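Here is the structure we will look at, set down as structure tokens.
The values are calculated or read from the model by the stated rules, or taken from the named source; none is laboratory data. A quick note: this is a predicted structure, and the numbers were derived from the prediction, not measured. So basically every Cβ, Gly included, is an ideal-geometry build from the backbone, and we count neighbours across all protein chains shown.
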Amino acid sequence: MAKQKRIETQPLEIVEPIGKRVLIRKDEDKKQTRGGIQLPDNIEIPTITGRIVTISAEVGNCEDIPLRQYDKVLFNPKGAIPVDFEGDNRLFVVEIENVVAVFRKS
């Protein structure tokens, strides 16, 4: 009788995007507008903001893509892939085509 190998699973420590993708931590959802209007919990906002946690090697090596780690970005969440890495599910793998703006200080 053959022995079965026991595969021990280790908890994930890092998530590295591949291709022209970045890993973004979505900002907390806004519950209120600047004017004080309460927003419903189920409001669908077509674009959301977040910070780039890490970038793929392909993005890092391409000088034509102006995205770097820790940039604050505006992205379209429709094509974003949620990463079930943390309990609050705020991490997303996003193709760079879905990153629509980078916030820069003047």
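General observations
- Residues being in a helix (DSSP H, G or I) and either of a type in the set (F, W, Y) or touching a Gly at 6+ places or on another chain (Cβ under 7 Å) (or both) - total across segment 46-73: 1
- Exactly one residue out of P66, P46, P40 is at pLDDT below 95 and touching a strand residue (DSSP E or B) at 6+ places or on another chain (Cβ under 7 Å): that is P66.
- Residue that is surrounded by the most Cβ atoms within 10 Å (Cβ to Cβ), among those in segment 8-28 that are at pLDDT 60 or above and of a type in the set (A, V, I, L, M): I24
- Top-ranked residue in segment 74-106 [being in a loop (DSSP other than H, G, I, E, B) and touching a strand residue (DSSP E or B) at 6+ places or on another chain (Cβ under 7 Å); ranked as nearest to R21 (Cα to Cα)]: A80
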